[in-house]
1. Out of all the residues in the range 266-277, is one or more of a type in the set (V, I, T), in a loop (DSSP other than H, G, I, E, B) and open to solvent by less than 80 Å² (accessible area, probe 1.4 Å)?
2. Can you find, within the range 211-270, the residue that is farthest from S297 (Cα to Cα) among those that are β-branched (V, I, T) and over 26 Å from the mean Cα position of the chain (by Cα)?
3. Can you name the residue in the range 358-380 that is more than 35 Å from the chain's Cα centre (by Cα) and not aromatic (F, W, Y) and, of all such residues, is most open to solvent (accessible area, probe 1.4 Å)?
4. Quickly run through the range 384-400 and pick out the residues that are part of a loop (DSSP other than H, G, I, E, B) and at pLDDT below 90.
5. Quick check on this structure: which one of S5, S76 is of a type in the set (S, T, N, Q) and within 12 Å of the chain's Cα centre (by Cα)?
6. Might you check whether a residue that is in contact with an Asp or Glu (Cβ under 6 Å, 6 or more places away or on another chain), free of Cβ contacts under 8 Å to residues at least 12 places away in the same chain and more than 22 Å from K69 (Cβ to Cβ) occurs anywhere in the range 353-375?
7. Residues that are over 19 Å from V131 (Cα atoms): which helices (runs of 4 or more DSSP H) entirely in the range 146-248 hold 3 or more of them?
8. Do any residues in the range 19-31 that are under 19 Å from Y41 (Cβ atoms) have Cβ atoms under 9 Å from those of residues that are open to solvent by 70 Å² or more (accessible area, probe 1.4 Å) and hydroxyl-bearing (S, T, Y), where the two are at least six apart or on different chains, and which pairs are they?
Amino acid sequence: MNLLSLKRIIPQILLKDKKVVKDFDDLTVINENPIALVAHYNNSGADEVFIYNMATEEEEKEEAFRFIKRLKKELSIPLIVGGGIEDLRDVKKALYAGANKVVISLEEPESADLLVKASDHFGKERIVVAVREFDTLFKHLRDINERAKELIILNVLDIDSVISVCDIKCIVCTDEKDPDVLCSYLKEEKIKGITGTEVSKKDFNFYAFKERCKKQKIAVSTFDCNLKFADFRTDNKGLIPVIVQHYRTQNVLMMAYMNEEAFNLTIKTGKMTYYNMSRKTLWVKGETTGEVQYLKSLKADCDKDTLLAKVEQVGATCHTGSPTCFINPVTGEDRDETNPLQMFVDLYNTIVDRRTNPKEGSYTNYLFSKGTDKILKKIGEEATEIIIASKNPNTEEIKYEISDFLYHLSVLMVEKGITWEEIVQEMGER
């Protein structure tokens with residue numbers, strides 16, 4: 001199935017002073033922990049998250065963008081950011097904060113010009129438009145169709161009228177509570193997704209709603225199985241071993257067993273469920289501790305007698321507090337000298353150690369003692385050396401200068417508290 005054709009369920013957060021408020025006209029705080037809420041959406045079956053920044057003052061907006069960047073760290077699904085997008089700088093700030101798409105509201109005369117500039121500068125794939133009045137929509141219809149990826153249909157607009165004139169996909173923002181009415185929106189070909197108050201409730205069951213959608217022949221993102229449990233080769237107790245791996249770091253976390261019921265519950269709920277052989281009961285990982293594992297993918301090996309689960313792990317995996325249950329060295333060394341990320345992480349950790357435990361004569365400590373300006377000066381010099389070396393046929397010189405540049409860049413990252421894992425995640429999202 002084409003993933004682009006799947007209908008999306010998109011909870012929204014109205015963000016004000018790092019808290020979630022009830023409505024645009026009602027700033028009653030309904031959730032004081034947006035970080036936990038975003039993580040909940042991410043791991044409970046939402047397809048995207050829409051954060052509307054309610055800040056108005058410039059300083060408040062800056063703080064909100066910084067906080068949105070923190071919220072993005074909890075997400076492996078796309079993020080839409082809107083609110084207070086008044087110029088290209090705001091669009092850039094939203095993108096830097098981690099937004100996959102930015103919402104431009106066509107309520108002010110100058111916002112139409114911003115739509116054109118933002119689309120040209122950042123690409124239409126990054127731009128979503130929101131309108132409140134049909135007259136506004138009709139006035140700017142050509143630019144909307146040509147310059148934006150999606151259109152948010154707000155409550156005040158007649159959906160049928162909008163989709164009759166729009167060429168792009170639409171997201172319905174609605175206060176509707178009836179799940180069958182919500183499904184009816186998604187049946188429309190031009191409706192790509194829904195957002196609004198109902199799907200934003202913390203107790204909204206995304207998986208149950210998606211099952212309802214599937215029964216009505218609506219294509220949604222769910223854990224559809226290519227294999228049934230009967231297709232696996234189990235032991236004489238009807239169990240199959242499951243190797244559990246973190247989907248981001250690829251670290252092996254643990255090994256457990258599933259029976260048919262545990263397998264079916266894992267697929268249905270998206271939470272890793274195992275069979276506890278000693279207690280002879282089902283075991284939802286983290287049910288009592290909160291250290292839940294959310295399923296990202298499940299594969300069987302060539303003999304179909306072992307499963308590999310890639311998961312999002314909340315908290316520690318092991319009862320000891322370790323991120324992995326494999327904590328007792330037996331023999332050998334698993335450090336991979338050819339793994340680029342591992343090498344950069346090792347370099348980073350060495351630089352951190354130098355700053356924490358200074359050594360006499362250390363060049364790294366010299367850089368830290370001179371401060372950010374010195375580090376930046378060296379990065380500029382090394383970048384220039386790369387350019388000069390690249391004009392020569394000797395590639396060894398280029399490799400040498402790039403290595404110098406990356407070392408100094410790593411020093412700057414330590415100075416600013418930015419890790420290589422964050423850089424890799426940022427690159428992956430792009």
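The values are calculated or read from the model by the stated rules, or taken from the named source; none is laboratory data. Small disclaimer: the values here were computed from a predicted structure and weren't measured. All Cβ positions, even for glycine, are placed from backbone atoms using ideal geometry, and neighbour counts span all protein chains on display. Heavy atoms of the whole protein, side chains included, go into the accessibility calculation; ligands, DNA and RNA do not. Shrake-Rupley method; radii C 1.70, N 1.55, O 1.52, S 1.80 Å.
1. no
2. T234
3. Only one residue fits best here, namely E360.
4. Of everything in the range 384-400, those that are part of a loop (DSSP other than H, G, I, E, B) and at pLDDT below 90 turn out to be N392, P393, N394.
5. Selected residue: S76, the only one of S5, S76 that is of a type in the set (S, T, N, Q) and within 12 Å of the chain's Cα centre (by Cα).
6. No, because not a single residue in the range 353-375 is in contact with an Asp or Glu (Cβ under 6 Å, 6 or more places away or on another chain), free of Cβ contacts under 8 Å to residues at least 12 places away in the same chain and more than 22 Å from K69 (Cβ to Cβ).
7. The qualifying helices (runs of 4 or more DSSP H) are 179-187, 197-200, 206-215.
8. V21/T28; K22/T28
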